[in-house]
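Read the structure below first, then the notes.
Since every read-out is calculated from the coordinates, none of them should be taken as a lab result. Model, not experiment: these values are computed from the prediction. Reconstructed Cβ throughout: ideal geometry from the backbone, glycine too, with neighbour counts over all protein chains shown.
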Amino acid sequence: MAKEASGQGFLRLFASLALVAGAVVTAAHVPLLARNVLHQDADGFGFLMAALGVGAVSGALTIGGIRRSQPPLPLTFTAAVLACMGILALAFVRRFWVAVPGLFRVGFFAVVVTASCNTTLQINAPDDLRGRVMSLYSLVFGGSVPLGALLGGFISQHWGVPTAFLVMGATGLARPPPSSPAGGPGVAEPASFTNHASPRTAELNGPTPRAPVPRIVARPTAPG
């Protein structure tokens, strides 16, 4: 059961990462958004990329400020959904100063997801499997970016840049969340991340308090 719960927990994280992989592809479409949709020059493009970067830095600082050994899993899924909603909203943006905060939100929530997944996987993966787990992380995250960029470029060329953002955001939101250990929908913390934490997690959380043991005192008996 522990192995099954551990596998479900890792699948949740990988699914959350796949939800937001399109947010990274968004950076490749910012030049198209600036030139073809917002009709901006190099200065406007610089502002848009700066907004995306400032949002990413803010998201990293937010995750770093969480006073826990690992970010909560519901936070990771919520950030993934919000990032996809931000990508979807870019499909309807036609004004420059509306696109700037929109890209800030996308960068913020995208980094929250990637940093949360990276932290949680490295802390909870067994020592003998950590290299293989992180290689899957790199495959899901890095491998989906060129495929998403290729698909997004094809859609932008034939149906326009707003349609590309619409498809990327809707595709992320259309993916259902993984089922909970009981079989129903949910994003609750898996048992492997709470009751079966790795030695590294136990080290970060400190020693587990033990219940006091009652002391039995023998009373002297009166001489008969």
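Structure notes:
- Cα gyration tensor shape for the stretch 52-174, rounded if a/c is under 1.5, else prolate or oblate: oblate
- For PHE154 and ALA42, a Förster radius of 41 Å and the Cβ-Cβ distance give a FRET efficiency of 0.95, rounded to the nearest 0.05.
- Residue order, fewest to most surrounding Cβ atoms within 10 angstrom, among ARG67, ARG35, ARG105, ARG132: ARG67, ARG132, ARG35, ARG105
- Extension reserve of the ARG68-LEU136 stretch, reckoned as 0.36 nm per residue once the Cα distance is removed: 22.0 nm
- Projecting label points 7 angstrom from Cα along Cα→Cβ for ARG35 and VAL54 puts them 2.5 nm apart.
- Environment charge of GLY160, counting only residues whose C-beta is closer than 14 Å and scoring Lys/Arg +1, Asp/Glu -1: +2
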